[in-house]
Amino acid sequence: MSAVLNPPVARVAPTRSAGVWGAAWKRFRSDRVGVVALVIVGAFLLLVLAAGAGLVAKNWQVEAGVPNAPPTFLGPRASTDAAADAVSTKQNIDLSDIDPLAPRYKEWDERAAKFQTTDTVKRETLVFGGDRLGRDVLAKAIKGAEVSIMVGVLSAVTAVLIGTVLGAFGGFFGGKVGDLLEWVYNVFTAIPGILLIFTFAAVLNRADAIIPKGIWTIVIILGFTGWTGIYRLVRAEFIKHSVREYVRSAEAIGASTMSRMFRHILPNVSHVVLVQLSVYVVGFIKAEVILSYLGLGVSVDQVSWGTMLAEAQGELILGYWWQLAAATLFMAVFVTAFSLFTDALRDALDPKLRGLE
């Protein structure tokens, strides 16, 4: 009788929350601009890996055309026509009376024109033209992407990691730990940024036998001098969040200090970190341009967007604009896509926007 009056209730399995990162990924996928930007950034990263493995732009140092060859898809028709016109003009001049070798000139000119026509069409078919040494500008831009993107991303990640960790400890613990980190921060910010970069560069250049001059030198220079900005932001966020109820609740159920710092607080301040990461990538790519221009960046046997822009300054005066255009185009596309991607990811992780789903 009781079974009839109180029928058994079917048990429903509890649904497990997707978590902070799962919910953020769901929101990110709904942002079409962010997804497209992610695809572009991924394509650039694949291009960097392919260039590093030697699959593309392997022979960027090889002379692929005449110096300062203009951009073209079909080859220099004008040069070919000019060579043919020169041959036909010489054919109309009769020098046999005054030069015994004149009958052979026609044959020699035809051979020279044939060689020039074949060689020019084959070697000058360059989409972005050639530089002052005849190297393919497109291959240089692809190879330069490997250096510039690696420098920008690795330097930004290094600076963000240092600033985030130090800011987390300084904001969460406070006291003597916070005072010590504030003293270190004040020492770094008391020195003008450009002088600090030059100081690190001079020290590392003297230690060239230990750390060869190149990508890792620039990463160390920019990473260890650029962490101060994000340190202040993360420290302030950790001071604010460390007294929030969700952190106190985690402490009450026995969560460790590292768990409260990096599993509970960090996801809630990750949007700040991502914004700074985006800014740092753009800024460090520009800083690599300055260092390479001053001879403190990549070595002479490497190429980057910075060295291409430095070379393009002299070429632009002569009207050779294509190397500047190629480096600028590649840089603009990557920087814009990376900024849009990090903006979309920041919006997906921003706690203030989570209630708007």
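Please turn the phi angles of the stretch 274-287 into ³J(HN,Hα) values with the Karplus equation 6.51 cos²θ - 1.76 cosθ + 1.60 (θ = phi - 60°), one per residue in order, whole Hz, x for glycine and proline.
Each residue's phi maps through the Karplus curve to give 5, 4, 5, 4, 4, 5, 5, 4, 5, x, 6, 5, 5, 5 Hz.
Once amide H atoms are built 1.01 Å from N in the peptide plane, which residues 5 or more positions from residue 135, or in another chain, come under 5 Å H to H?
Here the answer is 64, since their amide H atoms fall under 5 Å of that of residue 135.
For all pairs of alpha-carbon atoms in the stretch 169-281, what percent lies in each bin of width 10 Å, listed from the first bin to the last filled one?
All Cα pairs, binned at 10 Å, distribute as 12, 33, 30, 18, 6, 0 percent.
How much net charge surrounds residue 316 when only other residues with a Cβ under 14 Å from its Cβ are counted (Lys, Arg +1; Asp, Glu -1)?
Surrounding charge for residue 316 is -2.
Taken together, the values in this text are just the output of simple stated rules run on the coordinates, not laboratory data. All figures in this text were calculated on a predicted structure; none of them were measured in a lab. With ideal geometry, Cβ positions are generated from the backbone for all residues, glycine too; neighbour counts draw on all protein chains shown.
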